[in-house]
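**Student:** Here's a structure for you.
The values are calculated or read from the model by the stated rules, or taken from the named source; none is laboratory data. The model shown is predicted, which means the values in this text are computed figures rather than measured ones. Every residue, glycine as well, gets a Cβ built from its backbone with ideal geometry; the counts of neighbours run over all protein chains shown. The protein model used for the area step is the full one, side chains on, heavy atoms only, and it has no ligands, DNA or RNA in it. Shrake-Rupley method; radii C 1.70, N 1.55, O 1.52, S 1.80 Å.
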Amino acid sequence: MWEDSLTVFCGIDWAERHHDVALVDEAGTLLAKTRITDDVAGYHKLLDLLAEHGDSPDDPIPVAIETSHGLLVASLRTGSRRVFAINPLAAARYRDRHGVSRKKSDPGDALVLANILRTDMHAHRPLPADSELAQAITVLARAQQDAVWTRQQVANQVRSLLREYYPAALLAFQGKQGGLTRADARVILTLAPTPAKAAKLTLAQLRAALKRSGRLRGCDAEAERLRDVFHAKYAHQLPGVEDAFGHQLLALLKQLDATCQAADDLAEAATTAFHQHADSEILLSFPGLGPLLGARVLAEIGDDRSRFTDARALKSYAGSAPITRASGRKRFVGRRFVKNNRLINAGFLWAFAALTASPPHRLTASPGANAHYRRRREHGDWHAAAQRHLLNRFLGQLHHCLKTRQQFDEQHAFAPLVQAAA
């Protein structure tokens, strides 16, 4: 008969097709080990094994695994079970505690993960208990960010290709906001993928192409500008080579159109879901945060208020808080390299927008943020360091506002700086 008072810990070494499971007690004794398949039958087998060793809805067995996503993790997170995502590098260091031969096996890794919880569970954080809506926003915001990065990669390929044979296209669109990802640039380049075809475009054809791209104003002036650019003299490749480059450009433009459409669709879905969340009004009250950028920030911090015990924890997670390295007489204070890269990326955009927000984005710049940034620059910080320091302050204010359910107050947040600037 199973002893209900016995504490049990579970470790899972996951793979693509199967997962190794190990259960240990508080003394480190191996209670059970098995291998399950990555399907419904395997998940049921795992839950039955946990139930045999005392798992219950009121007192679930904690689980350590080297990933934070996937169907297996989603199945384990139902209810109140604590699931710990252990960094693979940390797990490798723990493996060396049990032997110096550097042997490695999947069942052995599962046992190491279970022992991590047995000895050092206090040093690791369980996955946050975010709401279903917050998890959906995380999926959409991250997918949109990936689509933006992919769009830029394809745009860079198009730019590199145009440098080989089509300098007029770069002169026509590179200086515009959005560059080659603009709808009018993509439509016109599809219509004229080579310099020879571009030089034959009439004003009527250019105006029609601009209107097809969705442009409503200034079509006549823009068409005349483009005609002048395309009719100027440039160096050319051989006709056959130029046509070959044109075929390559058309293939890349299809990829660019798809990535642009994906980024736009995902942005719309992410902002729609973001507006449905209770924290959206608080996030939007901050200077520099619009719906899409607010969705990215919410996606990374979640809505589990117990996730970060204080503002310092949130700042460390984002990588905005400095880190101190001291040994003997040496002491160095610098930026963090281990951080949430998505959050720090959104944070730099947030800080920059708070300094330079413009009416087209329906945002206004923050006088307090500008005063804080200028003070840091006068203190000797470079631009990136001053922005990171401003983000650090914003995150502290965000943690307070989310905890107290208050909206951002410029006068309260930057009172001494605003008064000094006035």
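**Student:** What percentage of the solvent-accessible surface of the chain, computed with a 1.4 Å probe over protein heavy atoms, is contributed by carbon and sulfur atoms?
**Tutor:** Carbon and sulfur atoms account for 53 percent of the accessible area of the chain.
**Student:** Still on this structure: Using only Cα atoms, what is the ratio of the radius of gyration of segment 159-228 to 2.2 N^0.38 Å?
**Tutor:** 1.00
**Student:** Could you work out how far helix 291-301 tilts from the main Cα principal axis of the chain, as a 0 to 90 degree angle to the nearest 10?
**Tutor:** Taking the Cα atoms of the chain, the angle to 291-301 is about 20 degrees.
**Student:** Helix 203-212 sits at what angle to the longest principal axis of the chain, using alpha carbons and giving 0 to 90 degrees rounded to 10?
**Tutor:** 20
**Student:** Enter the accessible area per residue of segment 41-180 (Å², integer; probe 1.4 Å; all protein chains in place).
**Tutor:** Heavy-atom SASA per residue in segment 41-180 reads 54 Å².
**Student:** Moving on to the next point. How far is helix 383-404 tilted, in degrees, relative to the longest principal axis of the Cα atoms in the chain, given as a value from 0 to 90 rounded to the nearest 10?
**Tutor:** It is inclined by approximately 60 degrees.
**Student:** I've got another one for you. Taking the square root of 5 times each eigenvalue of the Cα gyration tensor, what semi-axes in Å does the equivalent ellipsoid of segment 27-73 have, largest first?
**Tutor:** Here the semi-axes work out to 18, 13, 13 Å.
**Student:** From the P(r) of segment 52-118, could you give the percentage of C-alpha pairs in the tail past 14 Å?
**Tutor:** Above the 14 Å cut-off, segment 52-118 has 61 percent of its Cα pairs.
**Student:** A further question on this structure: Can you tell which of P367, P322, P57 shows the greatest fluctuation in a Gaussian network model of the chain with Cα springs below 10 Å?
**Tutor:** With Cα springs under 10 Å in the chain, the top fluctuation among P367, P322, P57 is at P57.
**Student:** Using a 1.4 Å probe, what is the accessible area per residue for segment 281-347, in Å²?
**Tutor:** Roughly 51 Å² per residue, with all protein chains present.
**Student:** Mind checking which aspartates and glutamates have their Cα closer than 19 Å to the Cα of K200? Skip sequence neighbours fewer than 8 apart in that chain.
**Tutor:** Those aspartates and glutamates meeting the cut-off are D184, D220, E222, E224, D228, E242, D243.
**Student:** Determine the relative contact order of segment 168-265: mean sequence separation of Cα pairs under 8 Å and six or more apart, normalised by residue count, in whole percent.
**Tutor:** In percent, rounded to a whole number, it is 33.
**Student:** Ignoring ligands and nucleic acids, what accessible area does E242 show with a 1.4 Å probe (Å², nearest 10)?
**Tutor:** Per-residue accessible area (E242): approximately 10 Å².
**Student:** Cα-Cα pairs above 23 Å in segment 196-353: how many percent?
**Tutor:** 63
**Student:** Here's a follow-up. Considering just Cα atoms, how many Å³ per residue does the convex hull of segment 111-241 enclose?
**Tutor:** 198
**Student:** In addition: Return an integer: the convex hull volume of the alpha-carbon atoms of segment 240-304, in Å³ per residue.
**Tutor:** Dividing the Cα hull volume of segment 240-304 by its residue count gives 96 Å³.
**Student:** What shape does the chain take by its C-alpha gyration tensor, where a ≥ b ≥ c are the square roots of the eigenvalues and a/c under 1.5 counts as rounded, a/b above b/c as prolate, and the rest as oblate?
**Tutor:** Cα axes put the chain in the prolate bin.
**Student:** Report the far tail of the P(r) of segment 52-191, meaning the percent of Cα-Cα pairs longer than 25 Å.
**Tutor:** So the pairs more than 25 Å apart make up 55 percent of the total in segment 52-191.
**Student:** Further question on the same structure: Return one whole number: the accessible area per residue of segment 197-256 in Å², for a 1.4 Å probe.
**Tutor:** 64
**Student:** Can you tell which of G70, G334, G347 shows the greatest fluctuation in a Gaussian network model of the chain with Cα springs below 10 Å?
**Tutor:** With Cα springs under 10 Å in the chain, the top fluctuation among G70, G334, G347 is at G70.
**Student:** In addition: Which order do the peptides 269-277, 107-115, 338-346 take when ranked by the mean count of other beta-carbon atoms within 10 Å per residue, highest first?
**Tutor:** Descending mean neighbour count gives 107-115, 269-277, 338-346.
**Student:** How far is it, in nm, from the label point at E52 to the one at K176 when both lie 7 Å from their Cα along the line to the Cβ?
**Tutor:** Each label point is offset 7 Å from its Cα along the Cβ direction, giving 6.7 nm.
**Student:** Just how large is the dipole of the chain about the Cα centre, in debye to the nearest 20, putting +1 at every Lys and Arg Cβ and -1 at every Asp and Glu Cβ?
**Tutor:** Taking the Cα centre of the chain as origin, the dipole is about 2320 debye.
**Student:** Separate question: Given a 10 angstrom Cα cut-off, can you work out which residue in T259, T29, T356 is the most mobile in a GNM of the chain?
**Tutor:** T29
**Student:** Can you give the % of DSSP beta bridges in the chain that are antiparallel, to the nearest 5?
**Tutor:** Expressed as a percentage, antiparallel bridges in the chain total about 75.
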